[in-house]
1. Assuming a ≥ b ≥ c are the square roots of the Cα gyration tensor eigenvalues, decide whether region 71-115 counts as rounded (a/c under 1.5), prolate (otherwise, with a/b larger than b/c) or oblate.
2. Kirkwood Rh and Cα-based Rg: tell me the resulting Rg over Rh for the chain, rounded to two decimals.
3. When the helices in the chain are scored as -39500 (n - 2.57) per DSSP H run of 4 or longer and the sum is shared across all residues, what 222 nm value do you end up with, to the nearest 500 deg cm²/dmol?
4. Per residue, how much accessible area does region 7-285 show when a 1.4 Å probe rolls over the protein heavy atoms, in square angstrom?
5. Using a 1.4 Å probe on the protein chains only, how many percent of the accessible area of the chain belongs to carbon and sulfur?
6. So how strong a dipole does the chain carry about its Cα centre when Lys and Arg Cβ are +1 and Asp and Glu Cβ are -1, to the nearest 20 debye?
7. Using Cα-only point scatterers and the Debye equation, what is log10 of I(q)/I(0) for region 164-258 at each q in 0.14, 0.23, 0.24 Å⁻¹, rounded to two decimals?
8. Hey, can you rank 82-89, 261-268 by average C-beta count inside 10 Å, highest first?
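The values are calculated or read from the model by the stated rules, or taken from the named source; none is laboratory data. Just so it is clear, the model here is predicted, and its values are computed rather than measured. Cβ atoms come from the backbone with ideal geometry, glycine included; neighbour counts cover every protein chain shown. Areas reflect the complete protein model, heavy atoms only, side chains present, ligands, DNA and RNA absent. Shrake-Rupley method; radii C 1.70, N 1.55, O 1.52, S 1.80 Å.
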Amino acid sequence: MSGGGEAQVAGLRLRSPVLVAAGCGGTGRELAAYAPLADLGAFTTRTVTSDPRAGAPAGRVVESPSGLVHATGLPNPGLDHFLATELPGLVAQDVRVVVSVAVTSAADAAALARRLGRAPGVSAVELALAPPGGRAEDAADEDLFAALEPHEAAGMVGTVARELPRGLPVWAKVRNDPDRVVAVARACVDAGAGAVVVGDGLPAMLPDGRPGGLGGPAVRPVALACVRRVVDALPHVDVVGVGGVATPTDVRAFLAAGARAVGVGTALLHDPTTAARLAAVLREETR
């Protein structure tokens with residue numbers, strides 16, 4: 001179990017076990033206006049794809065009791081723009097940068113990994129494996145978000161891991177699915193993942209019928225159960241827990257379940273100071 005001060009995930013020493021989860025910190029400039037990003041364990045970027053994506057139509061985020069239902073379509077400027085503009089800005093803020101990526105094929109995964117492996121300032125690559133809140137609206141893009149079988153997830157992880165330089169770890173982000181999470185996590189680790197990020201939105205639906213993901217406090221008990229299952233089955237694996245983290249008590253619960261660190265996501269959309277406040281509380285507790 002990590003303490004309230006530093007943490008270590010896949011060989012990376014982090015200043016705090018509190019991280020920004022993928023897709024909830026914008027470009028980093030937004031959160032930096034409230035507190036220094038350097039006080040956090042790491043900043044996980046919005047999920048980047050090889051080509052730019054406009055994302056889903058308006059109405060992509062809807063409030064739900066104890067959470068948010070989101071179907072974003074992963075809007076992002078594409079890898080070229082990210083490397084030229086967003087990454088340098090994050091690196092300049094002295095924060096560990098974990099780049100979240102989504103890929104459509106082995107060839108796409110290899111090409112993207114090679115580019116990131118040459119980019120200065122990248123601390124880890126988080127490979128998103130079927131995040132339900134990022135569902136594409138175009139049928140042609142459905143493969144980007146299909147529920148991967150363990151061997152398919154392992155193939156993607158293995159491709160990325162082989163193309164990255166030694167010492168740059170892959171974090172495999174797997175779905176909050178109590179029935180499958182251990183099998184998928186084990187396959188990813190066997191394929192070369194240095195850590196497993198356990199937790200994503202639960203499959204849900206927007207009022208207009210579009211599929212999406214439910215995030216926020218409503219998913220926390222499921223996320224905790226999934227973290228514990230992975231830790232119990234794979235005690236040698238570093239796990240990052242994500243799902244409804246909003247208070248110091250939430251952080252302690254994930255750490256007690258065996259997570260090395262936690263990702264703060266939906267809470268940042270309500271209060272952008274959440275991650276910084278949690279990191280400060282945990283630091284104070286260790287003094």
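1. Taking the square roots of the gyration eigenvalues as a ≥ b ≥ c, region 71-115 is prolate.
2. Ratio value, two decimals: 0.92.
3. After summing the helix terms and dividing by residue count, I get -8500 deg cm²/dmol.
4. Value for region 7-285: 39 Å² per residue.
5. 53 percent
6. 740 debye
7. Rounded to two decimals, the profile gives -0.52, -1.11, -1.16.
8. Put in order of decreasing packing, that is 261-268, 82-89.
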